[in-house]
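Presented below is the structure to which this report refers.
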Amino acid sequence: MKHEYLLKAHRLGDGTIYVLVGTGRKDDFFEEMTADPRQRAAAAMVAKSLKAIMKNGVGYAITARLARRISDEVFLIECKGRATTQRVMTYIHEAQSKKVIPVLLGSYNGHQGKTGKIPPKTKKAFEDRTRIAQEIAREELDNGDY
């Protein structure tokens, strides 16, 4: 299954982030966000949050409320816009060098309803993507070639 996906690198300030993307896709969701005038502001907020995470670590991001922990390695970055809230699920890979490497798994619009929880179908999809991203990241990023 992992061969249906790859990690696409994006330079972001002094660091690099990765986006999990299907092998048949030309653009990943982050490129689409930055190209869409309606989502460009949210993409800029995501980029700012990711820079802070790479510079200051995950603990800072949680304290500063830039990210919310979903599991040990998966975080939710929320960007509130005028009309909607964009959420970006992010796997944080800690390379053998102890460098923090964000891997964006996908985005979705704000929660529907009043529970404040991630819909079960969405959560399951991101859990599957997390396993794929972990496997690829261990193979490709742990050798220091990033």
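The values are calculated or read from the model by the stated rules, or taken from the named source; none is laboratory data. Note that the coordinates shown come from a computational prediction; the quantities given were computed from them, not determined experimentally. So basically every Cβ, Gly included, is an ideal-geometry build from the backbone, and we count neighbours across all protein chains shown.
If the condition is being among the hydroxyl-bearing types (S, T, Y), surrounded by 13 or more Cβ atoms within 10 Å (Cβ to Cβ) and not in a strand (DSSP E or B), then the stretch 15-41 contributes only T34.
For the stretch 69-85, indicate whether the set of residues that are over 23 Å from E135 (Cα atoms), among the hydrophobic types (A, V, I, L, M, F, W, C) and assigned to a strand (DSSP E or B) is non-empty. There is at least one residue in the stretch 69-85 that is over 23 Å from E135 (Cα atoms), among the hydrophobic types (A, V, I, L, M, F, W, C) and assigned to a strand (DSSP E or B). Identify all residues within the stretch 105-146 that are modelled with pLDDT of 80 or more, in contact with a helix residue (DSSP H, G or I) (Cβ under 9 Å, 6 or more places away or on another chain) and not in a helix (DSSP H, G or I); write none if there are none. Matches in the stretch 105-146: L105, G106, S107.
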